[in-house]
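Here's the structure we're looking at; comments come further down.
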């Protein structure tokens with residue numbers, strides 16, 4: 001600012017964010033290395049989110065499998081009791097499957113061509129628990 005004058009703008013700082021979807025997971029390190037190879041220290045990775053592509057389809061698949069397992073187990077138990085398995089009286093879902101896993105590395109950047117980002121693979125275990133009440137016939 002000049003003495004007795006108005007403030008003057010000497011520069012601007014701009015931030016932008018981009019969401020990127022990369023499949024399969026083993027391509028992530030090469031993609032991050034390519035971006036940091038071009039932009040260097042200007043790149044900041046603030047969040048990596050691993051998620052199931054179609055959680056509704058997965059939930060339906062888990063529900064069908066859980067209902068089939070429940071019917072098979074109930075049929076065996078009814079048979080051991082000398083009874084026939086009747087119709088379903090009630091179904092209660094006691095757990096919902098998680099659909100994503102987040103990792104927050106706290107920001108990372110690298111020198112041009114010098115950063116070798118690694119994204120560790122792993123497993124995402126999905127569970128759905130149901131309680132089914134059958135009538136015995």
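Could you order the peptides 55-66, 8-19 from most to least packed, using the average number of other C-beta atoms within 10 Å per residue? Before the final figure, lay out the partial values.
Details: 55-66: 13.5, 8-19: 5.2.
Top to bottom by mean Cβ count within 10 Å: 55-66, 8-19.
Rank these for me by crowding, 85, 136, going from fewest to most other beta carbons within 10 Å.
Details: 85 17, 136 12.
Least to most surrounded, the residues fall as 136, 85.
Where a number appears in this text, it was derived from the coordinates with a stated rule and is not lab data. Because the structure is a prediction, the values reported are computed rather than measured. A quick note on method: Cβ atoms are made from the backbone with ideal geometry, for glycine too, and the neighbour counts reach across all protein chains shown.
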